[in-house]
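Note sheet for the following structure.
The values are calculated or read from the model by the stated rules, or taken from the named source; none is laboratory data. Everything numeric in this text was worked out from a predicted model, so none of it was measured. Backbone-built Cβ (ideal geometry, glycine too); neighbour counts: all protein chains shown.
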Amino acid sequence: MNTLLRLTVANIRSLVRDRAALFWTFFFPVMFVFLFGWIFGGSGDSKVAIGFVDQDNTPVSMGLEQAFSQVSLLTVQTGSLEAEKAAMQHGDISAIVVVPSGAGAAVAAKSTTSIQLYTDPSSSQVSQVVTQVADQIVAASNLHIAGGSAVVGIQPMTLQSTNISSVAYLVPSILAMALMQLGVFAAIPLVQQREKGILKRLGATPLARWKLVGSNVLLRLLVAIVDAVVILGIGLVFFNVKIVGSLIVAAGLILLGAGAFLAIGFALASFLKTEEQATGVVQVVQMPMMFLSGIFFSFDFLPGFLQTIARLMPLTYLGDALRQVMVNGTQVAPLGVDVAVLTGWLVVCLTIAARSFRWE
């Protein structure tokens with residue numbers, strides 16, 4: 001029994017001394033608890049903004065507007081159909097409810113009518129939530145007006161002019177995530193090589209250091225191109241994804257995004273001393289970006305302070321830019337802003353890496 005206790009104590013001491021093990025055992029799951037708690041905890045400040053267009057101006061349409069406004073999950077704004085479409089295309093709202101002219105008269109005559117519900121296929125989670133809310137309001141209205149008969153229905157609409165499946169909107173997001181991981185994880189082998197003295201020995205050779213760095217960058221840019229070809233190829237062949245935008249512009253964004261995240265990886269490697277540190281820090285950097293950048297979870301479900309954090313992340317703008325160019329997705333920011341933010345991250349992190357990178 002004494003031997004067992006001594007071995008257990010020795011193993012505990014070994015665990016405490018292993019920072020990487022402590023990170024993966026304790027800090028990593030705690031971080032996820034807070035992250036998902038903030039996203040799904042129902043903090044009360046998470047709203048879905050929708051537009052309401054009243055083309056009927058009758059008690060029926062006013063009652064529907066009031067019903068949508070009373071839903072705590074929704075923030076309702078009113079305006080013309082053209083204005084609300086423009087707002088939705090700019091990402092200011094997530095859906096539009098339109099009560100067409102003549103709806104009140106149809107209800108009074110006990111004939112059927114439909115309200116139009118515009119949703120965005122690129123935000124499937126938000127679209128499902130808004131559709132469920134609309135279904136419940138319409139069902140309640142039918143119960144009140146006609147005892148449950150289907151007098152008022154819902155006509156689903158989208159803003160896209162092409163018939164693109166929902167998976168098409170996920171493909172650019174996965175590509176953005178792959179580019180992010182490719183660049184950020186470049187920090188780990190660099191720190192590993194420095195820790196083992198490989199960088200020091202390479203730096204002492206007659207070969208110019210910029211060529212050593214350049215070869216590493218070219219390798220990862222080539223991998224980025226292969227990643228893009230494979231991911232898009234799978235989407236095209238297996239899921240019938242149709243790329244509706246310019247492939248040349250998309251290629252430029254892929255290279256810009258890969259370069260920006262490579263610069264981030266090099267900047268991280270400039271300050272990390274051990275491989276264990278690099279592994280932990282890289283995970284801390286890339287995990288929040290994966291879940292807060294809009295590639296898997298819509299901004300509309302995030303509390304306000306997390307939306308602010310998300311808008312500081314480069315992955316937010318890379319994913320948004322690729323979706324806009326490839327599948328005409330609803331924008332988080334104008335394409336020029338996406339390019340400017342990614343360029344800013346590239347320049348700043350590259351400058352930090354150039355001034356701070358250590359070869360030993």
Report task. Only helices (runs of 4 or more DSSP H) wholly contained in the range 271-360 count here; list those with 3 or more residues that are under 22 Å from Val241 (Cα atoms) and in the same structural domain as Lys196 (by TED's automatic domain parsing). Result -> 314-327
Requested in this report: Taking Phe271 as the residue in question, decide whether it is modelled with pLDDT under 90 and surrounded by fewer than 18 Cβ atoms within 10 Å (Cβ to Cβ).
Outcome: yes
**Report entry** Gln331 being of a type outside the set (Phe, Trp, Tyr), in contact with an Asp or Glu (Cβ under 7 Å, 6 or more places away or on another chain) and surrounded by fewer than 21 Cβ atoms within 10 Å (Cβ to Cβ)
**Finding:** yes
Report task. Return a yes/no flag: does the range 168-186 have any residue that is outside the structural domain of Gln89 (by TED's automatic domain parsing), out of contact with any helix residue (DSSP H, G or I) (no Cβ under 8 Å at 6 or more places or on another chain) and either of a type in the set (A, V, I, L, M, F, W, C) or more than 30 Å from Phe357 (Cβ to Cβ) (or both). Result -> yes
Query raised in the report: Only one of these conditions is not met by Ala83: (1) modelled with pLDDT under 85; (2) of a type in the set (A, V, I, L, M, F, W, C); (3) under 20 Å from Ala333 (Cα atoms). Which number is it?
Result: (1)
**Report entry** Ala178 small (Gly, Ala, Ser), surrounded by fewer than 16 Cβ atoms within 10 Å (Cβ to Cβ) and either closer than 30 Å to Asn240 by Cβ or modelled with pLDDT under 85 (or both)
**Finding:** no
Report summary line: Residue hits (the range 40-74; modelled with pLDDT under 85, assigned to a loop (DSSP other than H, G, I, E, B) and under 16 Å from Asp135 (Cβ atoms)) are Leu73
Query raised in the report: Do we have Ala278 as surrounded by 14 or more Cβ atoms within 10 Å (Cβ to Cβ), over 22 Å from the mean Cα position of the chain (by Cα) and modelled with pLDDT of 90 or more here?
Result: no
